[in-house]
1. In debye, nearest 20, what is the charge dipole magnitude of the range B:18-151 about its Cα centre with +1 on Lys and Arg Cβ and -1 on Asp and Glu Cβ, if you could check?
2. Just need the relative contact order of chain A here, percent rounded to a whole number, with Cα pairs under 8 Å and 6+ apart.
3. Could you pull out every whole DSSP H run in chain B that spans at least 27 Å of Cα extent along its own axis and averages 0.0 or higher on the Kyte-Doolittle scale?
4. Ranked highest first by average number of other Cβ atoms within 10 Å, how do B:103-110, B:62-69, B:19-26 line up?
5. Mind checking the mean number of beta-carbon atoms from other chains within 10 Å of the Cβ atoms in B:23-32?
6. Between B:Val71 and A:Gln96, what's the calculated FRET efficiency when r is the beta-carbon distance and R0 is 41 Å? Round to 0.05.
7. From the phi of every residue in the range A:11-28, what ³J(HN,Hα) in whole Hz does the Karplus formula 6.51 cos²θ - 1.76 cosθ + 1.60 yield, where θ is phi - 60° and glycine or proline is x?
8. Ignore the peptide's own chain and count Cβ atoms of other chains within 10 Å of each Cβ in B:118-126; give me the average, rounded.
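Just so you know, all these numbers are worked out from the coordinates, no wet-lab data involved. Since this is a predicted model, take the numbers as computed values, not measurements. All Cβ positions, glycine included, derive from the backbone under ideal geometry; neighbour counts span all protein chains shown.
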Amino acid sequence: MNIQELIGILKLDLKNNGCVEGVVSGCYVSDMLSDVLANGKEGNIWITRQTHPNVVAVAAIRGLAGIIVPGGKQIEADTLEKAESECIPVMSTPLQTFEMAGTLYNLLLKNEKK
Amino acid sequence: MNPEEKKITGPHPEEDKEIYFPLNGGDFSDAGAGSKRLREELAALGVPAQVIRRAAICAFEAEINVIIHAVAGSLHYMINEDILTITITDMGPGIKDVALAMKEGYTTAPDWARTYGWGSGMGLPNIKRNADDLVIDSVPGEGTTLKIFIDLKADK
């Protein structure tokens, strides 16, 4: 499943011109950036409430498929700009972290069983 | 320094292999500039993606450490044949107990750093895990120099 499909199914709001063809291998949930650098996996989609530009560097270094910001939290303009230059899609959802992670878990699990 | 190597003092040279980036304490806005440039350069040299990732994690964590703890510092890297050397120097405060600082979860980061999602006590352990060799030289009250070595041909 790629980001484009995920956006359609989960009704995510894509906030920049990120690369939506990236295949999603799984999900990582954390607001601690060193934790994501240590444990995020290539192709993971990352759910975080951190919205400053450092998240883009973390996602780019780790080869993450994209970033989802839950709770409808506003995302800084320079974060979106940087993400675009790194081809990282940044998406927003009104769902809170737990709901978003749970929905994504079920979706990716179902997709894996296909 | 080998006299044949060039000393560069800005992040713009296209053909040189020795690069220097200044870092300002408390200013996250430039964090990642050095590690981004490093990623791009290693990719252009055809270095395997896994090795680039390890190098970038080391460089980025080290940049962040300077920004959190020091007034100012710099990131400098040099590619000499198959060995990448990243040197991060700062002007204090220095690390009182390096062995303790290497323990995952131990942190002296201020609260403001944690609001940015940093300061979890994972930075130095992340660097250690991803480097092929790491040398820490720190004098409390004076500053810290980290030397990170990455073998560009070998993967861990």
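1. Details: 11 positive and 18 negative charges, 80 e Å.
The dipole magnitude comes to about 380 debye.
2. Details: 220 pairs, mean separation 32.0, N = 114.
Relative contact order for chain A comes out at 28 percent.
3. Details: long enough: B:49-69 (30 Å, 0.90).
Length and hydropathy pass: B:49-69.
4. Numbers: B:103-110: 14.2, B:62-69: 25.2, B:19-26: 18.0.
In descending order of packing, they fall as B:62-69, B:19-26, B:103-110.
5. Values: counts 0, 0, 0, 0, 0, 4, 4, 1, 4, 9.
Across the residues of B:23-32, the mean count of other-chain Cβ atoms within 10 Å is 2.
6. On the way: r = 39 Å, r/R0 = 0.95.
Efficiency at R0 = 41 Å is approximately 0.60.
7. 6, 7, 9, 6, 9, 8, 8, x, 7, 8, 8, x, 7, 8, 8, x, 9, 10
8. Numbers: counts 5, 3, 7, 2, 8, 4, 1, 2, 5.
Going residue by residue through B:118-126 and averaging, the value is 4.
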